[in-house]
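Undergrad: My questions will all concern the structure given below.
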Amino acid sequence: MNSKNALILFIIFLIFSFAVCIIPEITQYDIECIKYVQSGLSDINSQIPIMAGGIIFYAMTFLPILIGCTYFFLNKMYKNIFLFGAVPFLAYFINSIIKAIVQRPRPPIELQIEEHMSSSSYVSRHTFVTACVFSIF
């Protein structure tokens with residue numbers, strides 16, 4: 001990804017972050033979307049979306065890292081292995097800082113498929129780490 005595209009994505013991220021912080025209607029809209037999706041999926045066992053979300057997260061995050069690190073290893077580019085492998089950990093750390101700053105509460109407990117009592121909802125850790133990994137390419 002070139003630096004111009006990265007800058008544009010970062011600016012869009014900042015705009016969304018400020019919007020989430022200063023427009024409370026966005027949270028209410030999110031809750032209504034959750035209710036709508038859950039009503040459409042009410043016949044599905046709740047473990048299926050949890051399992052699918054986990055599989056998709058790992059496939060989209062760790063599989064590219066494994067492939068990239070394997071490529072670098074085979075081409076004896078050892079420094080790149082470290083840098084490439086460090087991105088998800090750095091993204092996780094940055095995400096924790098953003099969550100602490102924004103402190104957007106999660107949806108009501110009755111709307112959560114999987115209970116997350118101890119963390120904020122914005123920005124999604126899965127989304128943030130995956131986006132950081134894919135921004136390397």
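Throughout, read-outs are computed from the coordinates displayed, never taken from laboratory work. Owing to the predicted nature of the structure, the values given are computational and were not obtained by experimental measurement. So basically every Cβ, Gly included, is an ideal-geometry build from the backbone, and we count neighbours across all protein chains shown.
Undergrad: Which whole-Hz ³J(HN,Hα) couplings does the stretch 85-102 yield from phi under the Karplus relation 6.51 cos²θ - 1.76 cosθ + 1.60, θ = phi - 60°, glycine and proline marked x?
TA: For the stretch 85-102, the Karplus curve yields x, 7, 4, x, 5, 5, 4, 4, 5, 4, 4, 4, 5, 4, 4, 5, 6, 6 Hz.
Undergrad: Related question: At 7 Å along Cα-to-Cβ for each site, give me the label-to-label distance between Phe13 and Val102 in nm.
TA: Taking the simple label geometry, Phe13 and Val102 are separated by 1.0 nm.
Undergrad: Full extension from Gln38 to Phe93: what is 0.36 nm times the residue separation minus their Cα-Cα distance, to one decimal in nm?
TA: Residue separation times 0.36 nm, minus the Cα-Cα distance, leaves 16.7 nm.
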